[in-house]
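Submitted below is the structure of interest, expressed as structure tokens.
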Amino acid sequence: MMSATMTLPEGFADLAELAARWARPTENARSAIRWTASAEDFAALHAAMMPRLDAVLARLEGCPLDGMDSAETRLFCLAAAFAEAAPHHELYGGSAEVPHSFSARRFVPGHGDTPSWSTALR
Amino acid sequence: MNDLGSTGLRPGAEALSHLGRSVEAIRAELGIDPVSVEAIRDPAIYALEREKIFRRAWLKVATAWEIPAIGDYKVKELPVADASVLIVRGKDDRIRAFHNVCTHRGNKVVPTSDFETFGRARANVVTCRFHGWVFGTDGPLRSVPLEGSFGTLDKACLGLREIACESWEGFVFINFADPPEQSLREYLGDFATLFGGYPYAEATTAFRYSTVLECNWKVALYAFSEGYHVPTIHAGSLPGFRGIEHADFKLIGPHASSTIYGLGMEAAESTARFAGLFHAGTDHGPRPDLLPPGINPTGRSDFQFELPNIFPNLLIHLASGCGYPGMAYFTHQFWPLDHGRTLWEGINYFRPARNAAERVAQLHVNALHRNAWLEDTATMEDTFTGIRSGAIDEMQLMDQEFLIRHAARTLDSYLAA
């Protein structure tokens, strides 16, 4: 049985497997997953999420950042992972790196360990 | 402003029309000759820059919304000035800057863990961990343990050493000169008017990135100071960027500015969906009406963002939601750590998300822009290596690279002073 923190809101159970793979609360945690993903991983995420994006965003539009329950938070984390990973499928040919770029591992996000739903990003 | 008459300008734009330069005027004023790379290559010039630029010019070190509450502080490490700077909001709500140095024996009052450290002073005091000297957030030395054991101690003269600190539109600047040659407002001059009035303080959601680049600080500054590179360097992250036009050149004393117009990129499927979320409302949608009148003075619908160079090391790219979807503006800063090492800081600013979906859309746009910065920074260390090799002695600069030409001339004038 799934723990409370592993569930998604009603109507999004089909995304549970993707959430287990991708949903993380912080940019640093999501980057670590993205950097080791394959073109097939990005393609699978895109194929599953893009048709569901309208529904996901509609559900999250009803959620204040500082008032999500655990299931909504998990859906948010999956959507955040998709938001950051989509360009790798759409623009970078499935590469985990941005082509012809500086090493992403050398960029330090000041907010990297802050939960991405925080209202106090500065 | 480029080749424009006085008709069809937005109200208020005329007042700044004297800043505008046509391409011909830029060429006449700044020349068309190649520019020497010696100022980038020569460590002796960097030593001069430390004294004659970074100890004389106003330097942006914080924003008011980073330290919104009384007692909030930020410590900024500035190796270029051999300084650790404490920027703190006092009990009187005023933001001051001090050397983060205990007047007892020189220890840091606030310990730091990185180039930037944030915190909140309890009871409006900061206490040195070495021996417990206590300073008010307005500077005075409040108490000293075992004070009687010093024999004599003039506490009134032992407050934190203050650094000139002034704000413009919520951007907090310091000046190490004592006293500065000009007020911040005088230093910014017409730039303060050109960029003034935009609600910067409402875009408090910030995504800050930094990295240490093995290059001279001006290599990094110059790489971000032109739009000529966009179709090539950003072919990956900004595919099909159509009709880009770098125009409206402006010279503003030591500062300069220009405008990027364009039809934008062919948005990917997900980007189009996320942008739609922003464009549905006025909070995050394009707000060209909020731009100060001297920026995009004719109200062109293809405005993307204003690209200035605020001497010596700050860029504020003002987009007002017209460029990257939902983004109000973004900034760059280039802090020398040594002749051949630079701390680059890039910050994307958005208005606060009203719900979780808007934050997800912000994360997407932020990632796209971060990735574009990864493309930008890819050139910098190679460029510096190339310049150091001695293979070239000059940069060949085209019209759209006039911000570089202007910055190099301003730098020379400061070094000659």
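Can you tell me which residue among A:A120, A:A58, A:A37, A:A20 is surrounded by fewer than 18 Cβ atoms within 10 Å (Cβ to Cβ) and either under 13 Å from the mean Cα position of the chain (by Cα) or farther than 21 Å from B:R359 by Cα (or both)?
Only one candidate qualifies: A:A20.
If you don't mind, there's one more thing I want to ask. Please work out if B:H104 is under 22 Å from B:L337 (Cα atoms), open to solvent by 30 Å² or more (accessible area, probe 1.4 Å), of a type outside the set (A, V, I, L, M) and more than 18 Å from the chain's Cα centre (by Cα).
Here the answer is no, as B:H104 does not meet what is asked.
Check off (1) within 29 Å of B:T63 (Cα to Cα); (2) of a type in the set (A, V, I, L, M, F, W, C); (3) touching a residue at least 24 places away in the same chain (Cβ under 8 Å) for B:L238 and give me the number that stays unchecked.
All conditions pass for B:L238, except number (1).
To continue, here is another question. Can you find, within the stretch A:61-84, the residue that is farthest from the chain's Cα centre (by Cα) among those that are among the acidic types (D, E), within 23 Å of A:R21 (Cα to Cα) and in a helix (DSSP H, G or I)?
A:E72
Further question: Which of (1) farther than 28 Å from B:E77 by Cβ; (2) out of contact with any Leu (no Cβ under 6 Å at 6 or more places or on another chain) is the odd one out, the single condition B:R405 does not satisfy?
(2)
For (1) part of a loop (DSSP other than H, G, I, E, B); (2) open to solvent by 20 Å² or more (accessible area, probe 1.4 Å); (3) under 16 Å from B:L374 (Cα atoms), each residue gets a yes or a no:
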{"site": "B:A201", "(1), (2), (3)": "no, yes, no"}
{"site": "B:F207", "(1), (2), (3)": "no, no, yes"}
{"site": "B:T211", "(1), (2), (3)": "no, no, yes"}
{"site": "B:K218", "(1), (2), (3)": "no, no, no"}
{"site": "B:S225", "(1), (2), (3)": "yes, no, yes"}
{"site": "B:Y228", "(1), (2), (3)": "yes, yes, no"}
{"site": "B:T232", "(1), (2), (3)": "no, yes, yes"}
{"site": "B:A235", "(1), (2), (3)": "yes, yes, yes"}
{"site": "B:H246", "(1), (2), (3)": "no, no, no"}
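A further question on this structure: Take the residues of the stretch A:61-73 that are open to solvent by 30 Å² or more (accessible area, probe 1.4 Å) and among the charged types (D, E, K, R): which is farthest from the other protein chains (Cβ to nearest Cβ)?
Out of the qualifying residues, it is A:D69.
B:A408: assigned by TED's automatic domain parsing to the domain that holds B:A201, modelled with pLDDT of 95 or more, assigned to a helix (DSSP H, G or I) and closer than 28 Å to B:R273 by Cβ, yes or no?
The answer is no for B:A408.
Of all residues in the stretch B:319-359, which are in contact (Cβ under 8 Å) with a residue 60 or more places away in the chain, more than 21 Å from A:G110 (Cβ to Cβ) and open to solvent by less than 10 Å² (accessible area, probe 1.4 Å)?
Of everything in the stretch B:319-359, those that are in contact (Cβ under 8 Å) with a residue 60 or more places away in the chain, more than 21 Å from A:G110 (Cβ to Cβ) and open to solvent by less than 10 Å² (accessible area, probe 1.4 Å) turn out to be B:S320, B:A357.
Still on this structure, please answer the following. Mind checking whether some residue in the stretch B:178-185 is under 24 Å from B:I404 (Cα atoms) and open to solvent by less than 70 Å² (accessible area, probe 1.4 Å)?
The answer is yes, given that some residue of the stretch B:178-185 is under 24 Å from B:I404 (Cα atoms) and open to solvent by less than 70 Å² (accessible area, probe 1.4 Å).
Here's another thing I want to ask about it. Does A:P99 satisfy the condition of being facing chain B (nearest Cβ under 8 Å) and either open to solvent by less than 30 Å² (accessible area, probe 1.4 Å) or within 22 Å of B:Y349 (Cβ to Cβ) (or both)?
So A:P99 does not fit the description; no.
Mind checking whether some residue in the stretch B:353-360 is in contact with a Lys or Arg (Cβ under 6 Å, 6 or more places away or on another chain), assigned to a loop (DSSP other than H, G, I, E, B) and in the same structural domain as B:A372 (by TED's automatic domain parsing)?
Yes.
Here's a follow-up. Evaluate the following for B:N371: is it at the interface with another protein chain (Cβ under 7 Å from one of its Cβ atoms) and open to solvent by 10 Å² or more (accessible area, probe 1.4 Å)?
No; evaluated as a whole, the condition is false for this residue.
Out of all the residues in the stretch A:102-111, is one or more more than 13 Å from the chain's Cα centre (by Cα), at the interface with another protein chain (Cβ under 8 Å from one of its Cβ atoms), among the β-branched types (V, I, T) and open to solvent by 10 Å² or more (accessible area, probe 1.4 Å)?
Yes: the stretch A:102-111 contains one or more residues that are more than 13 Å from the chain's Cα centre (by Cα), at the interface with another protein chain (Cβ under 8 Å from one of its Cβ atoms), among the β-branched types (V, I, T) and open to solvent by 10 Å² or more (accessible area, probe 1.4 Å).
So, A:A81, is that one open to solvent by 10 Å² or more (accessible area, probe 1.4 Å) and within 21 Å of B:N355 (Cα to Cα) or not?
The answer is no for A:A81.
The values are calculated or read from the model by the stated rules, or taken from the named source; none is laboratory data. From a predicted model like this one, the values you see are computed outputs, not experimental measurements. Please note: Cβ atoms are built from the backbone with ideal geometry, for glycine as well, and neighbour counts cover all protein chains shown. Quick note on the areas: whole protein, heavy atoms, side chains included, nothing else; ligands and nucleic acids left out. Shrake-Rupley method; radii C 1.70, N 1.55, O 1.52, S 1.80 Å.
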